[in-house]
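See below for the structure under consideration.
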Amino acid sequence: MIEMDKAQRMSLTAQVESSLRSALIVGKLKPGARLVTRDLAAQLGTSITPVREALLRLVSAGALDATPAAAFLVPEMSLQRFEEITLIRKQLEGLAVRTATPFVKKKQLSELKKLCVSFMQAKLSGDAALALEANRAFRFTLYGYAQMPTLEALIEQLWVQIGPCFNYLYPQPAEVVNGHHNYDHLLEALQAGDGVTSEKILMKAIDDGAAILKQHYFEQ
């Protein structure tokens, strides 16, 4: 009975952590946001214990900072840390795309194109939250095709840390929203089975996003 209770609590903690990680990855929680354990437990309809355990796991992962008053903070991102994470992301995500390319056949390409259309539509509608969700779906679907779960987990860990900054990717100028997107070129390279070019385009997409964040977040 005791073991069963423990297992149930651990399962609930994992569910809460997964929800919070997703919120961080897609920018639902902005830098500086304050998370109160009791409030989160009420929102999620659970007890305080699994929420606190999930929050502490995210502190250990470098995604949150703990405060003395049973609250947790989404940390502000320094430019130095941002540039470090961006450099690592380019290497890991580039590797994922290059490795995934041979596995992107007709079915996979069709799925990626559908996800890309959803992303573009969200951008055109000006719905930043939906655009961030759609972007995550596109990228991690592609990374999943690499069949390297450890690599995918490392990439997700970086997104958990940098995701709150993604809020500042939007709004974007009309010429950027309506112009030819990196993903159009990426899909072409994937269709051609060109892993090297796919990797370069993905790295450019990260660089382009980083440039927007530097302007909208770090230079404000």
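Here P171 clears all of (1) open to solvent by 70 Å² or more (accessible area, probe 1.4 Å); (2) farther than 23 Å from E219 by Cβ; (3) in contact (Cβ under 8 Å) with a residue 24 or more places away in the chain except the condition numbered (2).
Let's see how each residue does on (1) at pLDDT 95 or above; (2) in contact with a Phe, Trp or Tyr (Cβ under 7 Å, 6 or more places away or on another chain); (3) farther than 29 Å from A33 by Cβ:
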{"site": "A122", "(1), (2), (3)": "no, no, no"}
{"site": "A153", "(1), (2), (3)": "yes, no, no"}
{"site": "P164", "(1), (2), (3)": "no, no, no"}
{"site": "L213", "(1), (2), (3)": "no, yes, no"}
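Looking at A54, is it open to solvent by less than 50 Å² (accessible area, probe 1.4 Å), more than 20 Å from C165 (Cβ to Cβ), of a type in the set (G, A, S) and within 23 Å of the chain's Cα centre (by Cα)? It is true that A54 is open to solvent by less than 50 Å² (accessible area, probe 1.4 Å), more than 20 Å from C165 (Cβ to Cβ), of a type in the set (G, A, S) and within 23 Å of the chain's Cα centre (by Cα).
Just for the stretch 185-211: of the residues that are among the acidic types (D, E) and in contact (Cβ under 8 Å) with a residue 60 or more places away in the chain, which one is least open to solvent (accessible area, probe 1.4 Å)? Looking at residues that are among the acidic types (D, E) and in contact (Cβ under 8 Å) with a residue 60 or more places away in the chain, I get E199.
The residue that is least open to solvent (accessible area, probe 1.4 Å), counting only those in the stretch 67-87 that are farther than 14 Å from L213 by Cβ and in a loop (DSSP other than H, G, I, E, B), is V74.
The values are calculated or read from the model by the stated rules, or taken from the named source; none is laboratory data. This structure is a prediction, so every number in the text was calculated from the model and none was measured. No Cβ is skipped: glycine too gets one built from the backbone with ideal geometry, and neighbour counts run over all protein chains shown. Just the protein is used for accessible areas: all its heavy atoms, side chains included, with ligands, DNA and RNA removed. Shrake-Rupley method; radii C 1.70, N 1.55, O 1.52, S 1.80 Å.
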